[in-house]
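Accompanying notes for the structure given below.
Readers should treat all values here as calculations from the given coordinates under stated rules, not as data from a laboratory. Treat the numbers as computed from the prediction; the structure is a model and nothing was measured. Every residue, glycine among them, receives a Cβ derived from its backbone with ideal geometry; neighbour counts consider all protein chains shown.
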Amino acid sequence: MENLLKVMDENFSLIHNILNNKELNLNDDYNKINYTYYRMFCTHYESFFILIQKNHFGSAILLLRTMLELYVKSYYLEFIERKNNTNILDLLEDKKKFPNFFEMIKKLEEHTDISGAEFDGVFKQFTKSELATYEKFSLFSHGKGEYLKATFENQKINFTSQQINDVLKTVKGLFDTLSLLLMYIQGFNDEIKLLIEHLKKTTDV
């Protein structure tokens, strides 16, 4: 787990060093909202680290639920709403409602780009029929589920190394791929190749 946390911290620094040396195009509202969500995600990501290091795993899971929602919204806006030319301000001001979490996932899984590429289960894994990631995090926030059961049975906040490791790998995957989305939107193709090569080396951590 310590090794995984070290790799996650190194990736965070590497990606931000790359982005800090690039000029972002924020003239487009879709680019701007994507970057806004990315910054919010990164702030939560840093807070998540602090909570894990302080052994506040339950609070980290609650924060992760919000991070997962930001992650899905970022992809949904770019690949679904952009082609519809939806007014971003309408979404931000709630004049137009976001679909719920599972409806956004359904639309993303149905999406095919001009090259024929699909997400092919990337988002479906978060649903009940797969890993049920979102449901597990939501259950914890509602006072039930496997993470709460572990605390109930031990009469103390106690989680297995496997539970913590699984959550850390989820967070790592979300951050890495959300960073790739930002670079894709900004057209940083060389940086994408560099990051992918780096991430391949840490796949089995």
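Treating each Cα of the chain as an identical point scatterer and summing with the Debye formula, the log10 of I(q)/I(0) at q = 0.09 Å⁻¹ comes to -0.37. Site pair Ser13 and Phe102 shows an inter-label distance of 4.2 nm when each label is modelled 7 Å from Cα along Cα→Cβ. Each residue in Thr127, Thr202 was given a count of other beta-carbon atoms within 10 angstrom of its own, and listing them fewest first yields Thr202, Thr127.
If R₀ is 30 angstrom, what is the calculated FRET efficiency for the pair Leu4 and Asn87, using the beta carbon separation as r and rounding to 0.05? Step by step, r from the Cβ atoms, then E = 0.15. Charging the Cβ of each Asp and Glu at -1 and of each Lys and Arg at +1, and nothing else, the dipole of the chain about its Cα centre rounds to 540 debye. Any of Lys6/Lys83; Lys107/Lys172; Lys32/Lys97 with alpha carbons more than 29 Å apart? Name them for me. Too far apart for the 29 Å limit: Lys6/Lys83.
Among Lys107, Lys97, Lys149, a tally of other beta-carbon atoms within 10 Å of each Cβ gives an order, fewest to most, of Lys97, Lys149, Lys107.
Note on Tyr184 and Tyr30: their simple-model spin labels are 1.2 nm apart, each label 7 Å out from Cα toward Cβ.
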